[in-house]
Amino acid sequence: MSSLFIRNATIVTMDDDRNTVEGSIYINDGLIIRIIEGTTTDDELVRLALPPATNIIDASGLIIMPGMVNTHGHVAMTLFRGFADDLPLQEWLEKKIWPAESHLTAEDIYWGTMLGITEMIRSGTTTFTDMYFYMEQVAKAVETTGIRAVLAHGIVGITGRLEKDLHDTGELIENWHKGAGGRITVTLGPHAPYTCPPEFLKEIITLAEKVNLPIQIHMSESRGEVENCLKEHGVTPVELVGQVGLFKGHRVICAHCVHLHAHDIAILAAGEAGAAHNPVSNLKLGSGIAPLGKILQAGIKVGIGTDGAASNNNLDMFEEMRLAALLPKGLEEDPSLLPASKVLRLATTGGAETLFLPKLGMIKEGYRADIIGITKNLPHLCPPHNIEAHLVYSAAGSDVELNIVDGKILMEDGKLVTIDEEKVIFEAGRRALQLVKYN
Ligand SMILES: [Zn+2]
């Protein structure tokens, strides 16, 4: 058991009962045990009858907040960053990404994931979501680096691989669910309604019931996808999967939700569904802008995600927050929509709720100690009129210098503790250049 004392910080708690406080945080065995408001002295822990801390961080130069929860992505796609840009979704997938992905090896996935995790720890993410292949490699990277993750083996039903995909999913659950010290949650990952026909989806729902785990799926990402579904089945993708029973008593993480009809929103709101909002990827692939205001108004849980680095092209949740806050204002010509404090909550506690992860995303007693620190004394964060606004509108992932997951330090003073960064960049870069030679 190790304990950590983060002293004298400006703490943005995301806890509505407390909000932003000057104070210290005492962490033990991965949990936030105590938040102490005001300046603490050297003998504070003795006074509070808390055991001495194994590690003490002087955080007087930091803004401390819960780590970012990235609710959607394909992390090893860092290998395809900058490889295929400025193309529409289907052309991007079919002509560039899928052919290149067909050559990926397990080792490529490991190093691509290590590259993504390195970038995420640096930019303040403490939990990520992944749907991809060779997921045991991703799990190993999670175990090595100390980050938290929600993983799914991507299942595509049009390739005749159902049995193999279900088998791989079963193995991932058996070997890694609650693995890496409890930091890994396994989910089921049918790719999308257009790649997983209704009959196929039924089998996945049956498995979800058996193993009692959430399902993550791409949902209504592009206009063409919805139009094709209407042509082929006479209903929208949300209605189609709803008819199969996806939203009946199952926890579902719906990525994108860009082109939702009013009835779709009602279906999602009635079920136990959360939406992963990926504004940068949706803009870059020309997919559109998700109706975030309407989704939130309906009471649907919302988290923010980056999607893969091939369609973003970075994994910086700060940039994602800024876009999530700005787009509805411009779209609806209303600057009061999605205020900074709301967007900050979507990126942290909202993300944890969307991923069905309890006691995560707030700095609060009894919550997991997933915490980041942002350098306070920077020109673009001065003057300190409104810290929450600065975090959304002015800060960048590169301002993060401290990253703690489950009470363990993964980055301190901007230096990575669990990762050999030089090796990761070299190995991932070398492999990525080899991979695209086939195209
Ligand atoms: Zn995706």
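The values are calculated or read from the model by the stated rules, or taken from the named source; none is laboratory data. None of these values were measured; they are calculated from a predicted model. As a convention, Cβ positions derive from the backbone with ideal geometry for all residues, glycine included, and neighbour counts pool all protein chains shown.
For (1) surrounded by fewer than 24 Cβ atoms within 10 Å (Cβ to Cβ); (2) more than 18 Å from residue 315 (Cβ to Cβ), each residue gets a yes or a no:
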position: 90; (1), (2): yes, yes
position: 95; (1), (2): yes, yes
position: 116; (1), (2): no, no
position: 160; (1), (2): yes, yes
position: 186; (1), (2): no, yes
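Counting just the residues of region 199-222 that are part of a strand (DSSP E or B) and either free of Cβ contacts under 8 Å to residues at least 60 places away in the same chain or among the hydrophobic types (A, V, I, L, M, F, W, C) (or both), which one comes out surrounded by the fewest Cβ atoms within 10 Å (Cβ to Cβ)? My answer is 215. Among the residues that make up region 181-198, is at least one of them within 30 Å of residue 406 (Cβ to Cβ) and in a helix (DSSP H, G or I)? Yes, region 181-198 contains a residue that is within 30 Å of residue 406 (Cβ to Cβ) and in a helix (DSSP H, G or I).
Can you pull out the residues in region 367-377 that are crowded, with 21+ Cβ neighbours inside 10 Å and outside any loop (DSSP other than H, G, I, E, B)? Give the derivation first.
Initial filter on region 367-377 (crowded, with 21+ Cβ neighbours inside 10 Å): 367-374.
Residues satisfying the conditions are 368, 371, 372, 373, 374.
Yes or no: residue 191 surrounded by fewer than 23 Cβ atoms within 10 Å (Cβ to Cβ) and more than 22 Å from residue 77 (Cβ to Cβ)? For residue 191, the condition - surrounded by fewer than 23 Cβ atoms within 10 Å (Cβ to Cβ) and more than 22 Å from residue 77 (Cβ to Cβ) - is not met. Residues in region 242-284 that are more than 17 Å from residue 298 (Cβ to Cβ) and within 15 Å of the ligand (Cβ to nearest atom): 255, 278, 279, 280, 281, 282, 283, 284. With the condition kept exactly as written, say whether any residue in region 30-51 is crowded, with 24+ Cβ neighbours inside 10 Å and either out of contact with any Phe, Trp or Tyr (no Cβ under 7 Å at 6 or more places or on another chain) or within 30 Å of residue 378 (Cα to Cα) (or both). Within region 30-51, one or more residues are crowded, with 24+ Cβ neighbours inside 10 Å and either out of contact with any Phe, Trp or Tyr (no Cβ under 7 Å at 6 or more places or on another chain) or within 30 Å of residue 378 (Cα to Cα) (or both). Considering (1) within 16 Å of the ligand (Cβ to nearest atom); (2) assigned to a loop (DSSP other than H, G, I, E, B); (3) not polar (S, T, N, Q), the lone condition that residue 320 does not fulfil carries the number (2).
Among the conditions (1) modelled with pLDDT of 95 or more; (2) within 16 Å of the ligand (Cβ to nearest atom); (3) over 24 Å from residue 359 (Cβ atoms); (4) of a type in the set (Val, Ile, Thr), the only one that residue 150 does not satisfy is (3). Under the condition of being among the polar types (S, T, N, Q), at pLDDT 95 or above and within 21 Å of the chain's Cα centre (by Cα), the residues counted in region 239-291 number 3.
Let's see how each residue does on (1) aliphatic (A, V, I, L, M); (2) on the phi > 0 side of the Ramachandran plot; (3) in contact with a helix residue (DSSP H, G or I) (Cβ under 6 Å, 6 or more places away or on another chain):
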| site | (1), (2), (3) |
| --- | --- |
| 194 | no, no, yes |
| 205 | yes, no, no |
| 208 | yes, no, no |
| 214 | no, no, no |
| 223 | no, no, no |
| 227 | no, no, no |
| 235 | yes, no, no |
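Evaluating residue 170 against the criteria (1) in a helix (DSSP H, G or I); (2) within 22 Å of the chain's Cα centre (by Cα) leaves one unmet condition, (2). Considering only residues that are acidic (Asp, Glu) and modelled with pLDDT of 95 or more, which ones fall in region 16-25? The answer is 22, and nothing else.
Within region 341-350, does at least one residue satisfy the condition of being assigned to a loop (DSSP other than H, G, I, E, B), out of contact with any strand residue (DSSP E or B) (no Cβ under 9 Å at 6 or more places or on another chain) and touching a residue at least 60 places away in the same chain (Cβ under 8 Å)? No, region 341-350 has no match at all. Count of region 299-317 residues, restricted to those that are crowded, with 18+ Cβ neighbours inside 10 Å, more than 16 Å from the ligand (Cβ to nearest atom) and not β-branched (Val, Ile, Thr), is 2.
Within region 378-435, the set of residues being buried (at least 18 other Cβ atoms within 10 Å of the Cβ), of a type in the set (Gly, Ala, Ser) and either farther than 30 Å from residue 342 by Cα or at pLDDT below 95 (or both) comprises 428, 432. Checked against (1) within 16 Å of the ligand (Cβ to nearest atom); (2) in a helix (DSSP H, G or I); (3) without any contact (Cβ under 8 Å) to a residue 40 or more places away in the chain, residue 290 meets all criteria but (2).
If we only count strands (runs of 3 or more DSSP E) wholly inside region 30-133, which ones have 3 or more residues that are over 30 Å from residue 228 (Cα atoms)?
Working: elements: 31-37, 55-58, 62-66, 68-70, 125-132.
Passing ranges, in order: 31-37, 55-58, 62-66, 125-132.
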